[in-house]
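Colleague: Sharing a structure with you now.
A short reminder: the numbers here are calculations on the coordinates, not readings from a lab. Not measured: the values here are computed from a predicted model. Counting neighbours? That spans all protein chains shown, and the Cβs are built from the backbone with ideal geometry, glycine included.
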Amino acid sequence: MPNPPNPLPDAELQCRALADLIRPHVARNPALVGIHSGGAWIAARLRELLGLPDDIGLIDVSFYRDDFAEKGLHPQVKPTVIPFDVEGRHLILVDDVLYTGRTTRAALNELFDYGRPASVALAVLADRGGRELPVAATWCVWDIDLAAGDNLVLERDDRGRLAWRLENA
């Protein structure tokens with residue numbers, strides 16, 4: 001059975017490391033799109049760290065999930081807001097944890113409803129493996145092996161600081 005590190009890594013330091021990986025690519029003038037909620041928090045932090053001029057896009061994939069019929073509507077659906085033209089734009093899709101790839105697939109489906117981007121890259125803080133779809137992160141700062149029932153949860157405190165929490169099955 002996998003043993004995650006104790007204590008868990010500092011998510012704020014991980015955001016800085018992720019920004020360092022992305023920084024060489026900012027000349028392409030990418031727009032950030034964060035997946036609610038953890039990815040949205042990370043995208044906002046990356047925008048600050050990278051000094052990007054455009055507001056971030058926010059995406060909620062609830063209606064695009066392939067398991068929507070099974071799970072139903074999440075009780076806290078957020079609006080999708082894309083404050084820039086997607087057509088021909090280089091986008092960086094941002095999420096906190098990459099697992100099966102289904103959330104990423106749903107986000108791509110929704111993004112293409114807004115237009116056809118020039119490219120879409122994926123940036124995540126953590127990759128826990130377990131892919132069910134052929135999806136890979138372009139940039140990732142932490143590969144972690146978790147037991148099937150465990151969940152890695154990104155939280156934001158009252159001051160806006162990000163931190164990891166592990167939920168055990």
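Colleague: If you go through the stretch 112-138, how many residues are among the hydrophobic types (A, V, I, L, M, F, W, C), under 20 Å from PRO53 (Cβ atoms) and crowded, with 16+ Cβ neighbours inside 10 Å? First the steps, then the outcome.
Modeller: So the first thing to find is which residues in the stretch 112-138 are among the hydrophobic types (A, V, I, L, M, F, W, C), and the list is 112, 118, 120-126, 133, 135-137.
Still in the list and also under 20 Å from PRO53 (Cβ atoms): 118, 120-121, 123.
Subset that is crowded, with 16+ Cβ neighbours inside 10 Å: 120-121, 123.
The number of residues fulfilling the criteria is 3.
Colleague: Further question: Looking only at the stretch 154-169, filter to residues that are basic (Lys, Arg) and not in a loop (DSSP other than H, G, I, E, B); which one of those is surrounded by the most Cβ atoms within 10 Å (Cβ to Cβ)?
Modeller: ARG156
Colleague: Can you confirm whether the stretch 91-109 contains a residue that is under 15 Å from ILE56 (Cα atoms) and in contact with a Pro (Cβ under 7 Å, 6 or more places away or on another chain)?
Modeller: Yes, that holds for at least one residue.
Colleague: Right, here's the next one. Take ARG45 and decide whether it is closer than 23 Å to ALA107 by Cβ and assigned to a helix (DSSP H, G or I).
Modeller: So ARG45 passes the test.
Colleague: Turning to a different aspect of this structure: Could you identify the single residue in VAL86, VAL120 that is under 18 Å from the mean Cα position of the chain (by Cα) and not in a loop (DSSP other than H, G, I, E, B)?
Modeller: Checking each option against the conditions leaves just VAL120.
Colleague: Something else: Can you spot a residue in the stretch 125-145 that is hydrophobic (A, V, I, L, M, F, W, C), touching a residue at least 40 places away in the same chain (Cβ under 8 Å) and in a loop (DSSP other than H, G, I, E, B)?
Modeller: The answer is yes; a qualifying residue exists.
Colleague: Only residues that are in contact (Cβ under 8 Å) with a residue 24 or more places away in the chain and either over 11 Å from ASP60 (Cβ atoms) or surrounded by fewer than 21 Cβ atoms within 10 Å (Cβ to Cβ) (or both): list them for the stretch 37-48, please.
Modeller: Answer for the stretch 37-48, where residues must be in contact (Cβ under 8 Å) with a residue 24 or more places away in the chain and either over 11 Å from ASP60 (Cβ atoms) or surrounded by fewer than 21 Cβ atoms within 10 Å (Cβ to Cβ) (or both): SER37, GLY38, TRP41, ILE42, ALA43, ARG45, LEU46.
Colleague: Right, something else. Out of the stretch 24-38, which residues are touching a Lys or Arg at 6+ places or on another chain (Cβ under 7 Å) and aliphatic (A, V, I, L, M)?
Modeller: ALA31, LEU32
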